[in-house]
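What follows is calculated from the coordinates using simple rules that are stated; it is not laboratory data. Being a predicted model, the structure only gives us computed values, none of them experimental. Cβ atoms come from the backbone with ideal geometry, glycine included; neighbour counts cover every protein chain shown.
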């Protein structure tokens, strides 16, 4: 049965991608929150924020990319919840296919959908004056970190998708994720924050990821931040994957 | 598959027990379903019919007892069981955003059939869905959705099919269409285990009927055998009034009207809750 694992996952991936292509609003609404924040912070608050860099769009974009993913993954929880609520999930689970295929298809769909949203946000940032001299390798590194971050958060989103009892509950989990970047180096340098807040900001995952991506865009040495960022992403991924697959196994008996 | 497996019953259940927290749903269920037969599991809401079906389709583990489907034990060889069955659950398991044809192709691909498109077109024709094939399922009526649901279960011709309350919520015409489809299945040798709370449905379709009550099978046999449990019928004349269903079907003119005989109570079919008080038709008294 494992020989068909990839083929079956691709078939189910095709199904959810068709869902997205038939309701492209999920991509648009994913991108609209971060784009609004980008506009708001660059053209309204940006003038009063001292970051030590002359281009605030450059400073802001990494954090905005993380917010894009944080708002995009709630659709994974939502789609999974709908599959479970209707009978189609049980149909898949009673068919001779690997049972994790149904989860992986949703996770891969999230990667594709978030990638599209990220490209849209970067395109808007370019129009607003985002510039980077980063080479192909640095861009690939940014893409790699974003994919890893998306993968980790998507598996996190699978948890409410499997456990939620209502549509409202299923997407509520993403709000704290969207606001986590505010208490980080994403919008303002952490040096400006009071002691305890600063300590939190400097030791939560967003700061290391933002600093890494910012460094890559600015063609700087990213140093220790990249390892901290990767450790956070991989750690979260392993934890979320473990919890999600355990819940899934328990649910299907 | 060995010849022994062929001779065994398609479904064999012994001493099946299942509890949800303090609720003891199944208290030792025994069942044998012969190959190629239609077996109806009859019971009111909450009797545990769906629990039995979920255990047999490997979606739920029993607390005690054994069950095998198509010769494979559900607990130790769930993958082989899944390769032999198809489940049409209580809530239609169709993808609303895809079209009817895409739904069938999806299942055909997952069953690794060679020509998914041809398989889909054949089933669409068989279930009179060809015209609606290119429409999204969200635009379908309840009956069409249920027909598609059953058609999806037939993709790849699995030898054993579970239908969990296949006609709940359907209009009389939809019911007759589903009944015809089920009879067609049995004619082709498929074993069908269906659960229902409609007595007339069991009467119309099933070769054997089991009544699930209080967590156990309290009666099991053919319709004739079950009738012998009661004192012999007395002959009395009862004027046979046309039922509302007879009137409805006569007016709208359906081909499948012969299936409607004895289908009293179908006017209550929309509300599944209230329908379990259905009694056998008055004309049955003279049988």
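By the beta-carbon count within 10 Å of each Cβ, the least crowded to most crowded order of A:54, B:30, B:200, fewest first, is A:54, B:30, B:200.
By how many nm would the segment from residue B:237 to residue B:183 lengthen if fully extended, with 0.36 nm per residue of separation less the alpha-carbon distance? Provide the component values of the computation, followed by the final result.
Working: separation 54, 0.36 × 54 = 19.44 nm, distance 3.16 nm.
Length difference between fully extended and current span is 16.3 nm.
Where both bridge residues fall in the protein assembly as shown, DSSP classifies roughly 55% of the beta bridges as antiparallel.
Seen against the Cα atoms of chain A and their longest principal axis, helix A:205-217 is set at about 60 degrees.
Averaged over peptide B:91-98, the number of partner chain Cβ atoms lying within 10 Å of each residue's Cβ comes to 6.
Dividing the convex hull volume of the Cα atoms of segment B:3-233 by its residue count, what figure in Å³ per residue is obtained?
Working: hull volume 30.7 nm³, N = 231.
Taking the convex hull of the Cα positions in segment B:3-233, it is 133 Å³ per residue.
Can you tell me the order of B:209-221, A:111-123 when each peptide is scored by its average per-residue count of other Cβ atoms within 10 angstrom, highest first?
Ranked from most to least packed, the peptides come out as A:111-123, B:209-221.
For chain A, the longest principal axis of the alpha carbon atoms and the long axis of helix A:101-127 meet at an angle near 30°. Applying 1/(1 + (r/R0)^6) with r as the Cβ-Cβ distance of residue B:61 and residue B:225 and R0 = 30 angstrom yields a FRET efficiency of 0.40. Relative to the longest principal axis of the Cα atoms of chain A, the long axis of helix A:136-163 makes an angle of roughly 50 degrees. Take the Cβ atoms of residue A:127 and residue A:23, set R0 to 30 Å, and the FRET efficiency comes out at 0.70. Could you work out the relative contact order of segment A:1-107, using alpha carbon pairs under 8 angstrom and six or more residues apart, expressed as a whole percent? Over segment A:1-107, the number comes to 48 percent.
Report, as an integer, the average count of C-beta atoms from other chains found within 10 Å of each Cβ along B:57-66. Let's see the in-between values first.
On the way: counts 5, 5, 7, 2, 2, 1, 0, 0, 0, 0.
Across B:57-66, the average partner-chain Cβ count within 10 Å equals 2.
Beta bridges assigned by DSSP with both partners in segment B:3-233 are antiparallel in approximately 55 percent of cases.
For the protein assembly as shown, state the average projected area of the convex hull of the C-alpha atoms over all orientations, rounded to one decimal in nm². All intermediate terms of the calculation are to be shown ahead of the outcome.
Working: hull surface 122.8 nm².
Over every viewing direction, the Cα hull of the protein assembly as shown projects on average to 30.7 nm².
Contact order for segment B:14-94, expressed relative to its length and based on alpha carbon pairs under 8 Å spaced 6+ residues apart, stands at 26 percent. Between residue A:192 and residue A:166, the simple spin-label model (points 7 angstrom out along Cα→Cβ) gives 3.9 nm.
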